[in-house]
Amino acid sequence: QVTKKDYPHLHANEARVLIVHSGERILPELQHAHSKLVTYAEKTLQKAGLEIHTNTRIVAATYEEAVLSDGTKIPTRTILSCAGNAMPSLIQLAPFEKDERGRIKVDSTLRVLGQNNVWAVGDCAAMPHPNGGTCPAVAIYAMMAGKRLAKNLKRISHNQAPKPYTFTGLGDACALGNGKAISQLKGIRFYGLPAWI
C-alpha cells in the first residue's frame, strides 16, 4: 500500500523483505501465553511476502550485503535494525544469579535470589510473571514492579513480610500491515481488523 502511493515507480517484485530473528519464533513476549497470536502473525507476514529467518542473526553488513550467522549472504543496500540491548556492565559485573539474557534473577517479591536486602526491577531483572515465565522488558511491567517494590520496602520497615508481584499486564498488540494486527486484552485474543482497530 505505501509503495503504491509514495513510490509509484517501484514494482513490488523489486523489493524483498526479510525478518531476521535470533529466537525460535518472532514476538517472544507473546510466545508463552499467546502462541496462537504468534502463529497468526507469522502466517500473515509470510502471506504478504515477507521471509522470516529464525534462530539466526546478522553478523556482518557491508554497503552491498548482509551476512547471517548461518553463512547466508543477502544482497541489500538497506538494513533496518531493531536490535535488542545488552545489560549494562554494572549489571554484568554484579555477583548475582542471572538468566540467559543477563538479567538478575529475583523471586516473586522482587528480591534478588539468595539476598536479604537486595532488590531488582525493570529491564535488568528477570521478574517472574504471575502466569509463568518472566515479564517482558516493557515499561508498564517495570512501573508496576516499582510500585510493588516501594510497598514491599515500606512493609519491611514495619516488620511485615513483603507481598508478591501480581501484575499480569493489560494487553499486547502488534500491527502486521494495513488493517491487520494481533492483540490480546486481559487474555482475550483479537486477530486481523478487530485487533488493528
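The values are calculated or read from the model by the stated rules, or taken from the named source; none is laboratory data. Everything numeric here is computed off the predicted structure, so don't read it as measured data. Ideal geometry is used to build each Cβ from the backbone, glycine not excepted, and the neighbour counts take in all protein chains shown. Note: areas computed on protein heavy atoms with side chains; ligands, DNA, RNA excluded. Shrake-Rupley method; radii C 1.70, N 1.55, O 1.52, S 1.80 Å.
Structure data summary
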quantity: Test: residue 26 is touching an Asp or Glu at 6+ places or on another chain (Cβ under 9 Å) and modelled with pLDDT of 95 or more; calculated: no
quantity: Pairs where the first residue, in region 30-55, is farther than 22 Å from residue 134 by Cβ and the second is open to solvent by 50 Å² or more (accessible area, probe 1.4 Å) and charged (D, E, K, R), C-beta under 6 Å, 6+ apart; calculated: 44/180
quantity: Pick from region 29-49, criterion modelled with pLDDT of 90 or more and among the hydrophobic types (A, V, I, L, M, F, W, C), ranking: farthest from the chain's Cα centre (by Cα); calculated: 45
quantity: Region 175-197, subset open to solvent by less than 50 Å² (accessible area, probe 1.4 Å) and in contact with a helix residue (DSSP H, G or I) (Cβ under 6 Å, 6 or more places away or on another chain), residue nearest to residue 152 (Cα to Cα); calculated: 183
quantity: Qualifying position, being more than 19 Å from the chain's Cα centre (by Cα) and open to solvent by 50 Å² or more (accessible area, probe 1.4 Å), among 170, 153; calculated: 153
quantity: Subset of region 130-150 (residues that are open to solvent by 80 Å² or more (accessible area, probe 1.4 Å) and modelled with pLDDT of 90 or more); calculated: 143, 147
quantity: The lone exception for residue 13 - which of (1) assigned to a helix (DSSP H, G or I); (2) within 24 Å of the chain's Cα centre (by Cα) it fails; calculated: (2)
quantity: Number of positions in region 98-117 that are more than 16 Å from residue 148 (Cα to Cα) and assigned to a strand (DSSP E or B); calculated: 3
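Residue by residue, here is whether (1) in contact with a His (Cβ under 9 Å, 6 or more places away or on another chain); (2) farther than 21 Å from residue 182 by Cα; (3) surrounded by fewer than 16 Cβ atoms within 10 Å (Cβ to Cβ) holds:
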| site | (1), (2), (3) |
| --- | --- |
| 9 | no, yes, yes |
| 14 | no, yes, yes |
| 21 | yes, no, no |
| 24 | no, no, yes |
| 29 | no, no, no |
| 33 | yes, no, no |
| 48 | no, no, yes |
| 71 | no, yes, yes |
